[in-house]
Amino acid sequence: MRPIGIVSAIVAVGLGMNVAASRSGEPSRTSAARLAAPTAEGKKAQSTDGPPEVVKDHVIAQWRQPKGEILRITRKAKVLDANTLVFADGTKVDVSGGMDAPDLEQKGLIGDSSYPCGKDAMEFLQKLVGDRAVTFLASKDQDPNAKRLRGQCMIGETSLGIEMVRNGWAIAHHSGNAAWEIIARENKRGLWRGKFVEPKRWRKGDRLPGE
């Protein structure tokens, strides 16, 4: 009977130490051992170093047209200008086919003062994107010779194209965005604070006086 009593005493002491340690906020020896022992999942997670992969898949664009699948790209992206984003694999995409923003070198006027409207538009887009993942949904028909894919970009459920038009840093290029342009114009936001050349015309050589 004595050996059993000794074993019971040792177990009781061990349990007491674990309880005391847990009350003091320090992990017990058993818990510490479990935390220190790496699991198979932990090893796998630690070994996945390197840049995040750009995720590409195809989704049905409209339920009523189940055969009309479109390309979807998801991952963080870099802003190149107010119209263009680029993913880590080098894929360049439209912010939105429903808008047109000034090029990086384009200038605007507020009163008699010139300002870099293209640069300001790009910086506004950079703030919208931040460090968050971007989802790009491509248009069905793509020009194989185009430098970037046409479509629209989203941050969560927010359309970057709508936000650019609504805040006045792009003009509507589709009737679906016309309401947002009206709001921006009437509230004198972004480009609508002064004068500017339509981006499409600016690319063809039209300039403001003195630009």
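Taken together, the values in this text are just the output of simple stated rules run on the coordinates, not laboratory data. Remember, predicted model here, so these are calculated numbers, not experimental data. No Cβ is skipped: glycine too gets one built from the backbone with ideal geometry, and neighbour counts run over all protein chains shown.
May I ask which of Lys56/Lys92; Lys78/Lys119; Lys78/Lys127; Lys92/Lys195 have a Cα-Cα span longer than 21 Å here? If you can, show how the numbers build up before the last one.
Values: Lys56/Lys92 13 Å; Lys78/Lys119 15 Å; Lys78/Lys127 11 Å; Lys92/Lys195 30 Å.
Beyond 21 Å between Cα atoms: Lys92/Lys195.
Can you give the net charge of the other residues whose Cβ lies under 9 Å from the Cβ of Ala172, counting K and R as +1 and D and E as -1?
So the environment of Ala172 carries a net charge of -2.
What's the extension gain from Glu53 to Arg193 if we count 0.36 nm per residue and subtract their Cα-Cα distance?
Stretched out fully, the Glu53 to Arg193 stretch lengthens by 46.3 nm.
Would you list, by chain and number, the aspartates and glutamates whose Cα falls below 17 Å from the Cα of Lys200, excluding same-chain residues fewer than 8 positions away?
Asp81, Asp94, Asp100, Asp103, Glu105, Glu181, Glu211
Just need log10 I(q)/I(0) for the range 55-203 at q = 0.09 Å⁻¹, Debye formula, equal scatterers on the alpha-carbon atoms, no solvent, rounded to two decimals.
Each listed q corresponds, in turn, to -0.28.
What is the dipole size for the range 55-203, taken about its Cα centre, with +1 at each Lys and Arg Cβ and -1 at each Asp and Glu Cβ, in debye to the nearest 20?
The calculated dipole for the range 55-203 is roughly 80 debye.
Please report the spacing between the Cα centers of the range 184-211 and the range 47-122 in Å, no decimals.
First find each Cα centre; the distance between them is then 21 Å.
Grab the Cα-Cα distance for Lys78 and Arg132, subtract it from 0.36 nm times how many residues apart they are, and report the gain in nm with one decimal.
Answer, rounded to one decimal: 18.4 nm.
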